[in-house]
Amino acid sequence: MTIQQVCKQSGLTIDTIRYYERIGLIGAEKGTYFKNYSQQTLETLVAIKKLRLAGLSISEIKLFLSIEAGPMDLSRKQIDSIYTVIDKALKRAKIRAKEIAESQLLLENMKRKLIGVANENK
């Protein structure tokens, strides 16, 4: 896939994708005229986007991606640290989901009121 195709499918900008590539979060095969991004890279970018939305830092995401890449020899302290990061991210995601649900209800109520006003003005 070209970078434009990856942008369209991931919802990320070219600059963001190039940044993630530059810092080593993703890779791409170098073609004759342009880079080729794999389906796996697209899936990784979508995961990164979701993790960023959950409030994880780039360094935390790098750690998670390295764990996903294969087995690691982690100490109990490292495992506990990663668990803590995940637990905090889950709590932030739950709070964010609640806030989004509340925003959705507010917007739906506003829409109903606007429909009512429009009907009264006929």
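Annotation note: of Lys88, Lys98, Lys77, the sole residue that is among the basic types (Lys, Arg) and at pLDDT 90 or above is Lys98. Within the stretch 13-37, restricting attention to residues that are of a type in the set (S, T, N, Q) and at pLDDT 95 or above, which residue is nearest to Thr84 (Cα to Cα)? In this case the residue turns out to be Thr16.
Given the residues Leu51, Leu106, which is the only one that is among the hydrophobic types (A, V, I, L, M, F, W, C), in a helix (DSSP H, G or I) and over 13 Å from the mean Cα position of the chain (by Cα)? Full working, then the answer.
Working: Leu51 fails: over 13 Å from the mean Cα position of the chain (by Cα).
Step by step, each of Leu51, Leu106 is checked, and only Leu106 is among the hydrophobic types (A, V, I, L, M, F, W, C), in a helix (DSSP H, G or I) and over 13 Å from the mean Cα position of the chain (by Cα).
Going by what's in this entry, would Ser103 be described as of a type in the set (S, T, N, Q), surrounded by 10 or more Cβ atoms within 10 Å (Cβ to Cβ) and at pLDDT 85 or above?
Numbers: of a type in the set (S, T, N, Q): yes; surrounded by 10 or more Cβ atoms within 10 Å (Cβ to Cβ): yes; at pLDDT 85 or above: yes.
Considered against the rule, which asks whether it is of a type in the set (S, T, N, Q), surrounded by 10 or more Cβ atoms within 10 Å (Cβ to Cβ) and at pLDDT 85 or above, Ser103 comes out as yes.
Answer with yes or no whether Ala97 is within 17 Å of Ile48 (Cα to Cα), surrounded by 10 or more Cβ atoms within 10 Å (Cβ to Cβ) and not assigned by TED's automatic domain parsing to the domain that holds Val46. Answer is no for this residue. From the residues in the stretch 11-38 that are assigned to a helix (DSSP H, G or I) and closer than 21 Å to Leu63 by Cα, which one is farthest from the chain's Cα centre (by Cα)? Top of the filtered list is Arg22.
Take the conditions of a type outside the set (A, V, I, L, M, F, W, C), farther than 21 Å from Leu25 by Cβ and surrounded by 10 or more Cβ atoms within 10 Å (Cβ to Cβ) and apply them to Gly116. Does it pass? If you could, list the steps in order and put the result at the bottom.
Working: of a type outside the set (A, V, I, L, M, F, W, C): yes; farther than 21 Å from Leu25 by Cβ: yes; surrounded by 10 or more Cβ atoms within 10 Å (Cβ to Cβ): yes.
Taking the combined requirement at face value, the residue satisfies it.
Only residues that are among the small types (Gly, Ala, Ser), touching a residue at least 24 places away in the same chain (Cβ under 8 Å) and loosely packed, with under 14 Cβ neighbours inside 10 Å were counted in the stretch 21-68, giving 1.
If only residues of the stretch 55-74 that are within 18 Å of the chain's Cα centre (by Cα) and assigned to a loop (DSSP other than H, G, I, E, B) are counted, the one that is modelled with the highest pLDDT is Ser57.
The values are calculated or read from the model by the stated rules, or taken from the named source; none is laboratory data. This is a predicted model, so every value here is computed, not measured. Positions of Cβ are generated from backbone atoms using ideal geometry, with glycine treated the same way; all protein chains shown enter the neighbour counts.
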